[in-house]
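The values are calculated or read from the model by the stated rules, or taken from the named source; none is laboratory data. Everything quoted here is computed from the prediction, not taken from an experiment. All Cβ positions, glycine included, derive from the backbone under ideal geometry; neighbour counts span all protein chains shown.
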C-alpha cells in the first residue's frame, strides 16, 4: 500500500511538471503561432481576391453552418468567404473569392488533413494542384463535378476531397448572394 502511494505521488509530480512546462511553452509561443496563422490567412485571401484590406460582414450562420467568416474587399471588388468542410480524412479550411457577379475568383486551401498524393494534391503547389484550383475561376452557382454534369474535373483518387471543395465553392457563392 505504501509503495502504491509513493508511485502515485511520483506520477502526479511528473504530470504536474510536464503540464507546467507545456503551459509555459504555450504562453511563450502563442503570439508567434497566431501571427503565422494570420499571415497564412491573409496570403490566402489575397490569392483569391486581391485587395488592400477586407472588412468582415454579418451573415446567416444558421443557414450556412460551414462558413466561418465572410469578408468584403475594401475596394468593392467582391468577397472572400472562409469555410471549413469535411474532406476524406478530416477538415479542410479554405478561402473562396467571389466577385460581384457571383463568380468564383479563386480558391486557396488554408489547412487540410487529406491523404498525401491524393486529396492533398488539391492544396499542393504543383501542376496538379494549381490546375485543380484554376478550374474554379469563373464558375458560378451551377458549379459541379464533370461526372455530375459540371465543368470541374475531380482529382484522380480523391473524389471526396473534390466534392468537398466543389461544395464549398457553391456554398461561398450562395452566402455572398444572400448578402446582396
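Laid out as a table, the results:
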quantity	calculated
Selection count, the stretch 148-165, where residues are surrounded by fewer than 22 Cβ atoms within 10 Å (Cβ to Cβ) and either part of a helix (DSSP H, G or I) or in contact with a strand residue (DSSP E or B) (Cβ under 7 Å, 6 or more places away or on another chain) (or both)	6
Among (1) under 16 Å from the mean Cα position of the chain (by Cα); (2) surrounded by fewer than 21 Cβ atoms within 10 Å (Cβ to Cβ), the one test that residue 122 misses	(2)
Residue check for residue 61: surrounded by 11 or more Cβ atoms within 10 Å (Cβ to Cβ) and without any contact (Cβ under 8 Å) to a residue 40 or more places away in the chain	yes
Of all residues making up the stretch 120-147, the number that are in a helix (DSSP H, G or I), touching a helix residue (DSSP H, G or I) at 6+ places or on another chain (Cβ under 6 Å) and in contact (Cβ under 8 Å) with a residue 12 or more places away in the chain	4
In the stretch 102-116, residue farthest from residue 78 (Cα to Cα) [restricted to those that are assigned to a loop (DSSP other than H, G, I, E, B) and in contact (Cβ under 8 Å) with a residue 12 or more places away in the chain]	115
Filter result for residue 106 (buried (at least 16 other Cβ atoms within 10 Å of the Cβ), at positive phi and in contact with a helix residue (DSSP H, G or I) (Cβ under 6 Å, 6 or more places away or on another chain))	yes
Any hit, the stretch 73-87, residues being in contact (Cβ under 8 Å) with a residue 12 or more places away in the chain, surrounded by fewer than 19 Cβ atoms within 10 Å (Cβ to Cβ), in contact with a strand residue (DSSP E or B) (Cβ under 7 Å, 6 or more places away or on another chain) and in a loop (DSSP other than H, G, I, E, B)	yes
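Listed here are the residues, each with its yes/no results for (1) touching a helix residue (DSSP H, G or I) at 6+ places or on another chain (Cβ under 6 Å); (2) in a helix (DSSP H, G or I); (3) at pLDDT 95 or above; (4) surrounded by 10 or more Cβ atoms within 10 Å (Cβ to Cβ).
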| position | (1), (2), (3), (4) |
| --- | --- |
| 17 | no, yes, yes, yes |
| 22 | no, yes, yes, yes |
| 41 | no, yes, no, yes |
| 45 | no, yes, no, yes |
| 52 | no, no, no, no |
| 56 | no, no, no, yes |
